[in-house]
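Encoded as structure tokens, the structure appears first; notes follow it.
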Ligand code: KG4
Ligand code: ZN
């Protein structure tokens, strides 16, 4: 690989000093707003989580999520400005998550951000949610810069990305079925644990034996860097049914959680490190809700061949500070975003080379 360590050439707002971006994030069940300076310094980070509302349904109900965003957004944005000690007039730009996510939920944030940018005559920057998860590391590690390998493991994605430079992404691996977070959520449900399942499995696993069950580690030793978690999920469900029939489930739930977690974490870490070896980078970066997992962090941090970076825990799961940070590193002329639409490139995946 070429040495592109210093390839980043500042353009547009990146050349200015003290650039303050207000970001809005409403892609799923968190209503969030934040102000970040120069892509690195978090001046405020406000979040209203709807988890308690959705828990009753065992997962996120899109219509309820949208309605709650509409209701809470004005207050959350006000709170973000207040916490930053700023007025609307002092902002340099408005950023908003344009996708991927729940379309109705996204639209509430995009409409609000559009109206704000139009009224204030400020540039509007459309951000891909996944790019935000990568940028969560920029606000945690102030000197971190590309190139690096990044694993984004969330409720909807398990992507291994080569980040050659800011905005320069190559997808090296992804899941062929369930995302890692989705697998955590589904297994948690089978074990009778509440939504979201990841943190619950992690807590339960602390009391269990990770080698109690040997669940398949799909795709081990393959040439590609893709994941598959649905076979693992099925194996866990079958084991749960067996234990249930034998009246042993309650006593073995923690063992199931620990063994399942070990399988997922091992696959994530192995493939990510393999990607780093192949691309010749020195740094490995994690992001997304699953990167809050203690077992994942512990296994990755044992790796001595690479520098390993994780976001601070509060920036692993969805938040708006990561969106504001990502916005700062957009190279395009900001004025071009004045008429933002929810187009295909913004709502589907990152734009890979
Ligand atoms: O990034 P995120 O907040 O939202 C999406 O963009 O999807 O990720 C949410 C996912 C959920 O599936 C949740 O169960 C999982 O991240 N998660 C965890 C942990 N905390 C959240 N998975 C494993 N261990 C955790 N500690
Ligand atoms: Zn996310």
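The values are calculated or read from the model by the stated rules, or taken from the named source; none is laboratory data. Values in this document were obtained by computation on a predicted structure and should not be read as measured data. Backbone-built Cβ (ideal geometry, glycine too); neighbour counts: all protein chains shown.
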So, in the stretch 306-328, of the ones that are closer than 14 Å to residue 150 by Cβ, part of a loop (DSSP other than H, G, I, E, B) and within 13 Å of ligand 2 (Cβ to nearest atom), which residue ends up farthest from the chain's Cα centre (by Cα)? 311
Are any residues in the stretch 136-157 in a strand (DSSP E or B) and surrounded by fewer than 20 Cβ atoms within 10 Å (Cβ to Cβ), and if so, which ones? none
Could you please find all residues in the stretch 78-110 being more than 16 Å from ligand 2 (Cβ to nearest atom), closer than 18 Å to residue 31 by Cβ and part of a helix (DSSP H, G or I)? 78, 79, 80, 81, 82, 83, 84, 104, 107, 108, 110
Expected single match for more than 15 Å from ligand 2 (Cβ to nearest atom) and over 16 Å from the mean Cα position of the chain (by Cα) among 168, 178 is 168
If I filter the stretch 209-226 for residues that are without any contact (Cβ under 8 Å) to a residue 40 or more places away in the chain, in contact with a helix residue (DSSP H, G or I) (Cβ under 8 Å, 6 or more places away or on another chain) and assigned to a loop (DSSP other than H, G, I, E, B), do I get at least one hit? no
Could you please find all residues in the stretch 163-191 being within 23 Å of residue 28 (Cα to Cα) and part of a loop (DSSP other than H, G, I, E, B)? 174, 176, 177, 178, 179
Can residue 160 be described as in a strand (DSSP E or B), away from ligand 2 (no atom under 15 Å from the Cβ) and within 15 Å of the chain's Cα centre (by Cα)? yes
Out of the stretch 154-175, which residues are within 12 Å of ligand 1 (Cβ to nearest atom) and in contact with a strand residue (DSSP E or B) (Cβ under 7 Å, 6 or more places away or on another chain)? 158, 159
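Filtering the stretch 199-225 down to residues that are surrounded by fewer than 17 Cβ atoms within 10 Å (Cβ to Cβ) and either at pLDDT below 95 or closer than 27 Å to residue 279 by Cβ (or both), which residue is nearest to ligand 1 (Cβ to nearest atom)?
217
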Kindly establish whether residue 75 is away from ligand 1 (no atom under 16 Å from the Cβ), out of contact with any strand residue (DSSP E or B) (no Cβ under 6 Å at 6 or more places or on another chain), in a helix (DSSP H, G or I) and closer than 25 Å to residue 316 by Cβ. yes
Among the residues of the stretch 283-305 satisfying the criterion of being outside any helix (DSSP H, G or I) and touching a residue at least 40 places away in the same chain (Cβ under 8 Å), which is farthest from residue 143 (Cα to Cα)? 293
Report yes if some residue within the stretch 329-339 is modelled with pLDDT of 95 or more, away from ligand 2 (no atom under 15 Å from the Cβ), in a helix (DSSP H, G or I) and buried (at least 16 other Cβ atoms within 10 Å of the Cβ); otherwise report no. no
Among the residues that make up the stretch 111-123, is at least one of them touching a helix residue (DSSP H, G or I) at 6+ places or on another chain (Cβ under 9 Å), in a strand (DSSP E or B) and modelled with pLDDT under 95? no
Give me the residue from the stretch 227-258 that is surrounded by fewer than 17 Cβ atoms within 10 Å (Cβ to Cβ) and in a loop (DSSP other than H, G, I, E, B) and, out of that set, nearest to ligand 2 (Cβ to nearest atom). 248
